[in-house]
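Report on the structure given below.
Just so it is clear, none of the values below were taken in a lab; they were calculated from the coordinates. Everything quoted here is computed from the prediction, not taken from an experiment. Please note: Cβ atoms are built from the backbone with ideal geometry, for glycine as well, and neighbour counts cover all protein chains shown.
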Amino acid sequence: MSKSRLRVGVLVSGSGSNLQALIDSCSGTDHPAEIVTVISNRPGVKALERARAAGIEAVTVDHKAYPDRESFDAEMQRALDSAGAEFVCLAGFMRLLTPGFVEHWSGRMINIHPSLLPSFKGLNVQQRAIDAGARFSGCTVHFVTPEMDVGPIIQQAVVPVHQDDSAESLAARILEQEHRIYPASLRWVAEGRIRIEGGRVLLDNAAAPAGSMLNPAPESAR
Ligand code: GRF
């Protein structure tokens, strides 16, 4: 008999390319996770179309219809519960969550962020990496804690910043890696291979690999 799959709800706000990567990776009944609902705080976004196209429930909880963050989060909680979600992935979800919601999903909610945390938390991070003259940026999958972009890191990928990069070109290069490490991280979680200890993530009870170094050292430095 096949083992039951981890029931995952994905929260989105926009294009949903990370959602698509998760959908593609979870397709097939032998994957240990199953996306049971996709919830957007913005009506009409492409992420909702992607969910429908994959036969996944697509729900809009428009934050503008709620007087405060608490009532909005309560509605999201209801939507997740009614889908029977056991785990949450934030995939380009652009709202701050209340501490109560985050606590409820503590250890059961992960996010993808387009920088190498703890550098460049928050918004507009690709431009900020360029402006700072960073030679490398990348992306991070991490557990969500009440403080934004701070939780235990599951996986990272390194991406070079080119001299002539715009925020858009760097974002596109980083996104390619997001689409690789987010599904891989969810799989680890769903396989039960991830544990948080002392604020750090352990994979198979050892320190998790840091993701791939995509930029081999120049010939002269080898
Ligand atoms: C990604 O860069 C993600 O890291 C950030 O928002 C962007 C969402 O892109 N949090 P998409 O909606 O997954 O295409």
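Can you give me the angle between helix 69-82 and the longest principal axis of the chain, using Cα atoms only, in degrees from 0 to 90, rounded to the nearest 10? With rounding to tens, the tilt is 70 degrees. Taking the Cα centre of the chain as reference, the dipole from Cβ charges on Lys and Arg (+1) and Asp and Glu (-1) amounts to some 220 debye. Relative contact order, whole percent, for the chain stands at 18, derived from Cα pairs under 8 Å and 6 or more residues apart.
Exposure proxy for Asp165, Asp73: other Cβ atoms within 10 Å of each Cβ, ordered fewest to most, give Asp165, Asp73.
Restricting to the chain, compute how many DSSP beta bridges are antiparallel as a %, nearest 5.
Values: 17 of 35 bridges.
Looking only at bridges with both residues in the chain, the antiparallel portion is about 50 percent.
Each residue, Ser169 and Arg135, gets one label point 7 Å from its Cα in the Cβ direction; the gap between the two is 1.9 nm. What separates the Cα centres of segment 137-177 and segment 1-60 is a distance of 21 Å.
Only helical runs count toward this figure. For the chain, summing -39,500 (n - 2.57) over DSSP H runs of n ≥ 4 and dividing by all residues gives -9500 deg cm²/dmol at 222 nm. A dipole drawn for the chain from +1 and -1 charges on Cβ atoms has a positive end, and of Pro152, Ala33, Pro118 the residue lying farthest that way is Ala33.
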